[in-house]
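Down below is the structure, laid out as C-alpha cells.
A short reminder: the numbers here are calculations on the coordinates, not readings from a lab. Source: prediction; values computed, not measured. Cβ coordinates were reconstructed from backbone atoms using ideal geometry, including for glycine residues, and neighbour counts include every protein chain displayed.
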Amino acid sequence: MGNRFKKTAKPIQTASIPKVKNAREKRKKMIKRGLPIYLMLLPGVLYFLIFNYGPLIGLTVAFMEYDPFQGFLNSEWVGLEHFRRLFEERIFLDLLSNTLILGIYDIIFYFPAPIILALLLNEIRLRWFKSSVQTILYTPHFVSWVVIVGITAVLFSTQTGAVNNLLENNGYNRIELLTDSQYFRPLWVIHNIWNGMGWDAIIYLAAMSSVNPELYHAARVDGASRIQMTWHITLPSIMYVVIIMLILRMGGFMDLSYTHILLLQNPLNLNVSEVFDTYIYRAGILGGQFGYTTAVGLFKSMVGLILVMVANTIAKRMGKEGVY
C-alpha cells in the first residue's frame, strides 16, 4: 500500500509544475497582449483619479468651520452642525421645492425631447437634408448661456424689446417674460430644450444605427406603417439606452445649470428661481461660509446618489439593464 501511494504521488507533483508554468505564461501573454489597451486607458484613469476622486478629500470641509488661513488641519471640527443648520433654515423648504420642481420639469419636458428628435431624424431619407438639420440643431449646444439669456433679454425686454414692441404695435399687451415669476420655469425649460436637444439626440441616433435593417424589411412586408415600425421596432431597440440615460439623468436631478439660472434670476422672480446651486453661490462665494455650503453641496450629491440607486433598482426589477 505504501509503495503504491509513493508511486502515485510523483506524477501528481510533476504534473502540477507544468500547469503552474503554463498558467504564468498565459498570464504574461495576456498582459503583453493587453498592454496597449492599458496604456490607452491610463490617461482616462489618471484624469478620474486626479480630478474626480482627488477632490473628494475636500468633503471634510462640510464637517468643520473651515478657515482658508488655518487650512484643513487647524480649522475647527463641528461634525454635523452645518447639516443641522441647513435643515433648520427657513429657506430650506423653498430651496428644496424650487429645485425639485425644476428637476421634475427637466425629466418631463426636456428628457423626452432628444428621443423624439432622434426618432424624427431617423425617418429622414434624404441624407443631405438630414445632415443639414442635424448641424443646425447641434449648433445651439456651443452657444454660451450668457449669449442665450442676452438674446432673450434683447427680444423680450419690457421697455425696448423687439417682440414686446411688435405686440404693442398690434394691439396686444407686453409680456413681462423676465420679471414675472410665472414665466421663469417655462422659459428655463425652453432654453434647455433649445440648447441641448440636438446634442443629446446624437446618442439615440447612434443607438438607432445599430438596429437590424432586416426587422424593418420584415415589418414592411407585413404591411406595417412608418409609425408602427418606429413604435414597435425602433423605440424598443433603443430602450436600453433610454433607461441608462434616465438613470444617469437622475444623478444630476438637483444640478440645474447654475449659470443659466443665475443669469435669469432677478429680485422679482427670486421666489421661484432660488435653488440650492444659487444659494451655495451666495452663501459660499459671496458670504465666505465654505463649510456650510460644502455641506449643502454634499446633501445635494447624496440625494442624487440615492435617486440613481432607486432608479437602477427599479429598472432591474422591471427586467431591464441598469448602470451597475
Once you have the Cα-Cα distance between Leu268 and Arg125, take 0.36 nm times their residue separation minus that, and quote the gain in nm to one decimal. 46.7 nm
With Rg and Dmax of the Cα atoms in Å in mind, check [x] 27.0, 96; [y] 20.4, 66; [z] 28.6, 114 and report the label derived from this structure. [z]
From the C-alpha gyration tensor of the stretch 199-324, pull out the three semi-axes of the equivalent ellipsoid (sqrt of 5λ each), sorted largest to smallest, in whole Å. 42, 18, 11
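Multiplying the sequence separation of Asn165 and Thr179 by 0.36 nm and subtracting their Cα-Cα distance, what value in nm do you get?
Numbers: separation 14, 0.36 × 14 = 5.04 nm, distance 1.65 nm.
Length gained, Asn165 through Thr179: 3.4 nm.
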Distant-in-sequence amide H partners of Met64 (H built 1.01 Å from N, under 5 Å): Val78
Cα-based Rg and Dmax for the stretch 99-141, where Dmax is the largest Cα-Cα distance (Å): 13.5, 42
Spread of Cα-to-Cα distances over 10 Å intervals beginning at zero, given as percent, for the stretch 66-221: 9, 21, 23, 21, 15, 8, 2, 0
Apply the Karplus curve 6.51 cos²θ - 1.76 cosθ + 1.60, θ = phi - 60°, to the phi angles in the stretch 152-158 and return the couplings in whole Hz, x for Gly and Pro. 4, 5, 5, 6, 10, 4, 4
What ³J(HN,Hα) values, in whole Hz, does the Karplus curve 6.51 cos²θ - 1.76 cosθ + 1.60 give for the stretch 120-137 when θ = phi - 60°, with x put for Gly and Pro? 5, 5, 5, 8, 6, 9, 6, 5, 5, 5, 4, 5, 5, 5, 4, 4, 5, 7
Loop-only check: which chymotrypsin sites (Phe, Trp or Tyr not before Pro) in the stretch 69-109 are DSSP coil with at most 16 other Cβ within 10 angstrom? Phe69
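What is the gain in length, in nm to one decimal, between Asn74 and Val154 on full extension, counting 0.36 nm per residue of separation less the C-alpha to C-alpha distance? It would help to have the intermediate numbers written out before the result.
Working: separation 80, 0.36 × 80 = 28.80 nm, distance 5.00 nm.
Stretched out fully, the Asn74 to Val154 stretch lengthens by 23.8 nm.
Strictly greater than 16 Å: what percent of every Cα pair in the stretch 264-324 meets that?
Working: 1102 of 1830 pairs.
Pairs farther apart than 16 Å: 60 percent.
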Among Ile243, Ile101, Phe111 the positive-end extreme of the charge dipole of the stretch 80-317 (Cβ point charges): Ile243
Taking the chain as a Gaussian network, Cα atoms linked when under 10 Å apart, which of His141, His82, His217 shows the biggest mean-square fluctuation? His217
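Any idea what the dipole of the stretch 80-317 comes to, in debye rounded to 20, about its Cα centre with Lys/Arg Cβ at +1 and Asp/Glu Cβ at -1?
On the way: 15 positive and 15 negative charges, 110 e Å.
It comes to approximately 520 debye.
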Using θ = phi - 60° and the Karplus form 6.51 cos²θ - 1.76 cosθ + 1.60, what ³J(HN,Hα) does each residue of the stretch 209-218 get, whole Hz, x for Gly and Pro? 5, 8, 6, 5, x, 5, 5, 5, 4, 5
For the pair Arg33 and Ala218, the simple spin-label estimate (label points 7 Å beyond Cα toward Cβ) gives in nm 3.4 nm
Hull surface divided by four, with the convex hull built on the Cα atoms of the stretch 204-270: how many nm²? 7.0 nm²
Which of Phe51, Phe290, Phe184 moves the most in a Gaussian network model of the chain with Cα springs under 10 Å? Phe51
Based solely on its DSSP helices, what 222 nm [θ] is calculated for the chain when runs of n ≥ 4 H residues each add -39,500 (n - 2.57) and the sum is averaged over all residues, nearest 500 deg cm²/dmol? -20500 deg cm²/dmol
